[in-house]
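Undergrad: One structure follows; several queries about it will come next.
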Amino acid sequence: MFMSKLLAVLLLLAVVFGALTGRMPEVSLAAVSGARQAVELLISIAGSTCLWSALMEVMNRSGLSARIASALRPLIVLLFGRHGRDEQAAEAISQNMAANLLGLGSAATPAGLRAAARLHELSQRDRIPPDSVLRLIVLNTASVQLLPTTIAAVRASCGSQSPYDILPAVWAASIISVCTGLLAAAVLRRVWRKP
Amino acid sequence: MSDYIVPCLILFILAHGVLSGTNVYSAMLDGAVKGLYTIRDIFAPVLIMLTVIAMVRASGAIDLTAHSLAPLTSPLGMPAECLPLALLRPFSGSGALSVGSEVIANAGPDSTAGRIAAVMLGSSETSFYTIALYSACIKLKNTRYLVPAALCADAAAFFASAAAVRLLMGS
């Protein structure tokens, strides 16, 4: 429903503004050229998307993804404390984090939901507010991605000299974003006293 | 330096696959086809959003919004072109990809604004979608401080993107 309303508002904006500024011919032309651009964009990024998807499949089958997940275990104990030592929770969280790092959104979500369900269960058992669940969701809204392949493909299709030269900047911005999210959650938790 | 990351990573993934006795070639064939499914899944939303956003841009509304907000954000290093992207990012993934690729195409992929748009896309997520999905799945009734914390993370990602591009890429 939200998307339908957003589209309606954006179209209204385009028509009203186009009429006021006398740019209706351009708006009308954009309806056709925008659709063409979308198809061109998707075709130009398809090759790179398929290549990375192929490499991800190799990582999953060779056990490299699982190794990355198990390397994340100490970090999980650090972030989730006692609940991070729960075998079932730690396994799901590490899969979720590894899939996010590798940019596998479709694999990250099921593992993340499993982790959230288990953490929720643990906090109900201990009769404490589900702060660990909220922490997991914050981690997922500010996901750290090692290889933003889609964006690199978009840059390449626009003629970038070096589409992956943004990597260090993406990593720096992601880490700042995740730390800010976790810090904000830790501070706001004390302010939000009502459970 | 960054020229080495991708070729070495590909070599490492394939070498690890071969050494661990995986049938690398058949995994790659299956994986490449899965990539086409990803494209299929984002095809319709990107087509619709890019068309509508191209119409809004042609009407002059995006430029006007960006220029009127620019005095507030340019002291913080955020180019006016990237503002519509920052506003849409928490709500819609396909919308943000569409607006972002428009900025990258118009400003140039190796320009400061184009790079900042790319880093913004790479370092943030569709927060409201993620929150809605998780809280619906585990029937979490009270999300308490979750939305403000997630929006803090997004805001930090945007300003950190601008700062990181200027500091690390010298543009």
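The values are calculated or read from the model by the stated rules, or taken from the named source; none is laboratory data. Only a predicted model underlies this, so the values are computations on that prediction, with no experimental measurement involved. What goes into the accessible areas is simple: the full protein's heavy atoms, side chains included, and nothing from ligands, DNA or RNA. Shrake-Rupley method; radii C 1.70, N 1.55, O 1.52, S 1.80 Å.
Undergrad: In terms of the ratio Rg/(2.2 N^0.38 Å) built on C-alpha atoms, what value belongs to chain A?
TA: Ratio of Cα Rg to 2.2 N^0.38 Å: 1.32.
Undergrad: With springs only between Cα atoms under 10 Å, which of A:19, A:116, A:184 fluctuates most in a Gaussian network model of chain A?
TA: Result: A:19 has the largest fluctuation of those listed.
Undergrad: Using a probe of 1.4 angstrom, how much of the accessible area of chain B is carbon and sulfur, in percent?
TA: Of the solvent-accessible surface of chain B, carbon and sulfur hold 70 percent.
Undergrad: In Å², and per residue, what accessible area does region A:1-69 have when probed at 1.4 Å with the other protein chains present?
TA: Result: 54 Å² of accessible area for each residue.
Undergrad: How long are the semi-axes of the equivalent ellipsoid of region B:46-168, taking √(5λ) for every eigenvalue λ of the Cα gyration tensor, in whole Å from largest down?
TA: 26, 18, 13
Undergrad: If you build the convex hull over the alpha carbons only and average its shadow over all orientations, what do you get for the protein assembly as shown? Give it in nm² to one decimal. If you can, show how the numbers build up before the last one.
TA: Numbers: hull surface 75.4 nm².
Computed as one quarter of the Cα hull surface, the answer is 18.9 nm².
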